[in-house]
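Remarks on the structure that follows.
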Amino acid sequence: MKGLQLLAILVFSAAFLSFTPVNKKLIIIDAGHGGNDMGANRNGIYEKDIVLNIGKEIQKFNSSQDQYEVILTREDDTYSQLADRTALINKLNPEMVISLHVNSSANPKSTQHGQEIYTQNTESSKNLAKRISRKFNVQKIEEKNLHILRESKVPAILMELGFINNANDLEYLTSEKGQKEIAQKFIEVFNENQ
């Protein structure tokens, strides 16, 4: 089954690339988790759904320009192995990869809030993190040895968009207004890269 999913992704990406203008840059948004992997949760609200919704908002905002194309590693509530995601990333060779996640802490009602960014051990990844941090309420930027960062051969960051167990972060992350604002901030970062 996993082999068929990877084959389907590779066939889709080959077909997609055949219709993408040669000079168009690719940006991959990896909406973390999916399927049976719920990620962090709070009162029946799941990380996997929040990050997919934001990924789709980013893709919608992208449709108004023709400099780059945003590709999601998942378009619905399915799970693909990390190795399959990084295989897709390395095949497509995008300008950058943004892996979206939602944080959680041990305290059920956390006072911790805001975003955190994890980077590869590369200058391009760290520079991307700095550019993103200028748009968001980033509490820390830290190098971390995570699969999506370690195995991606292009500049990649993993961003925790807020804390699911912080009432203010959760309200913002699940609101239409919050999701659109987050998407818009990413689009601004992408446009700076042109």
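The values are calculated or read from the model by the stated rules, or taken from the named source; none is laboratory data. Predicted, not measured: the structure shown is a model, and the values here were computed from it. Every residue, glycine among them, receives a Cβ derived from its backbone with ideal geometry; neighbour counts consider all protein chains shown. Only protein heavy atoms, including side chains, enter the accessible area calculation; ligands, DNA and RNA are left aside. Shrake-Rupley method; radii C 1.70, N 1.55, O 1.52, S 1.80 Å.
Segment 144-194 and segment 27-106 have Cα centres lying 9 Å from one another.
Hey, can you rank 116-122, 64-70 by average C-beta count inside 10 Å, highest first? Each step should come with its number before you reach the end.
Numbers: 116-122: 20.3, 64-70: 15.1.
The densest-packed peptide leads the list: 116-122, 64-70.
For the chain, the extents of the C-alpha atoms along the principal axes are 48, 39, 32 Å, listed from largest to smallest. Once the dipole of the chain is set up with Lys and Arg at +1 and Asp and Glu at -1 on Cβ about the Cα centre, which of Phe186, Tyr79, Tyr172 lies farthest towards its positive end? Result: Phe186.
Using the Cα coordinates of segment 127-194, the gyration tensor eigenvalues translate into equivalent-ellipsoid semi-axes of 22, 17, 10 Å, sorted from longest to shortest. Per residue of the chain, the DSSP helices (runs of n ≥ 4 H) give a summed -39500 (n - 2.57) that works out to -14000 deg cm²/dmol at 222 nm.
Fully extended, how many nm does the chain gain between Arg134 and Gln112 (0.36 nm per residue separation, minus their Cα-Cα distance)?
Contour length minus Cα-Cα distance gives 6.0 nm.
The relative contact order of segment 102-194, computed from alpha carbon pairs under 8 Å that lie at least 6 residues apart in sequence, is 38 percent.
Take every DSSP beta bridge whose two residues both sit in the chain; close to 25 percent of them are antiparallel. Its Kirkwood hydrodynamic radius, worked out from the mean inverse distance over all distinct Cα pairs, puts segment 62-164 at 14.8 Å.
Among His113, His147, His101, the residue with the largest mean-square fluctuation in a Gaussian network model of the chain, with springs joining Cα atoms closer than 10 Å, is His147. Packing-based ranking of 40-46, 85-91 yields 85-91, 40-46, ordered from highest to lowest mean Cβ neighbour count within 10 Å.
Contact order for segment 20-160, expressed relative to its length and based on alpha carbon pairs under 8 Å spaced 6+ residues apart, stands at 28 percent. The share of accessible area on segment 46-100 that comes from carbon and sulfur is 42 percent, using a 1.4 angstrom probe.
Of the cross-linked pairs Lys25/Lys130; Lys25/Lys140; Lys91/Lys130; Lys126/Lys185; Lys24/Lys177, those separated by over 23 Å at the C-alpha level are Lys25/Lys140; Lys91/Lys130; Lys24/Lys177. Solvent-accessible surface of the chain, taken per residue with a 1.4 Å probe and all protein chains present: 49 Å².
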